[in-house]
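Chemist: Below are the structure tokens for one structure; questions will follow.
What follows draws every value from the coordinates through simple rules; no lab data is involved. Quick caveat, the model's predicted, so the values are computed rather than measured.
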Amino acid sequence: MFVSTFLLTALTKSPAHFPTRLLGWLLLSAGIAYAWAGFFHIVFPHIAAASIGWQVSPFQFEIGVADASIGIVAIVSFWRGLDFKGPVVGYLSLFSIGVAYGHVREAIYAGNTAKDNFGLLLVITLIHAVLLPILYVLARKNGCHPAGNGKDR
């Protein structure tokens, strides 16, 4: 999904709208991924914990609800303007930094190199943390508002 966002954005007819379109597709992609992760933490905690190299914990329900909630809001933001996307970008970026820190710390101190703790998902999380705010600033700078008339009312 992450790679497809770049391919779909590359098909954009107007290069001036590239940052805005990439922002939208990345938010949609991240939203689906977070909603999916939330679903697994809530419904299949043993599978989710095992894939990260952790033990099942009561806190998984809470992180599952947080993941699912921001995932749904990020999905909705795909069809909304930049005024809606801004807070979603802020939350996802800050949350991603925290998640990445936790996973790196686990790898260093606990030797947890499980694929979903210290692998491709960590890289994508870090990319989201950095790229989403950059794209948001570029989209604001270009004055692009692809959703409807671009105004959130």
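Chemist: Full extension from L94 to F39: what is 0.36 nm times the residue separation minus their Cα-Cα distance, to one decimal in nm? It would help to have the intermediate numbers written out before the result.
Modeler: Working: separation 55, 0.36 × 55 = 19.80 nm, distance 2.11 nm.
Fully extending the segment from L94 to F39 adds 17.7 nm.
Chemist: Tell me, in nm to one decimal, what length is gained between V65 and V130 on full extension, where the rule is 0.36 nm per residue of separation less the Cα-Cα distance?
Modeler: Working: separation 65, 0.36 × 65 = 23.40 nm, distance 2.38 nm.
Here the segment from V65 to V130 would lengthen by 21.0 nm.
Chemist: Given the C-alpha atoms of the range 18-142, compute the convex hull and give its volume per residue in Å³.
Modeler: Working: hull volume 10.8 nm³, N = 125.
Cα-based convex hull of the range 18-142, divided per residue, equals 86 Å³.
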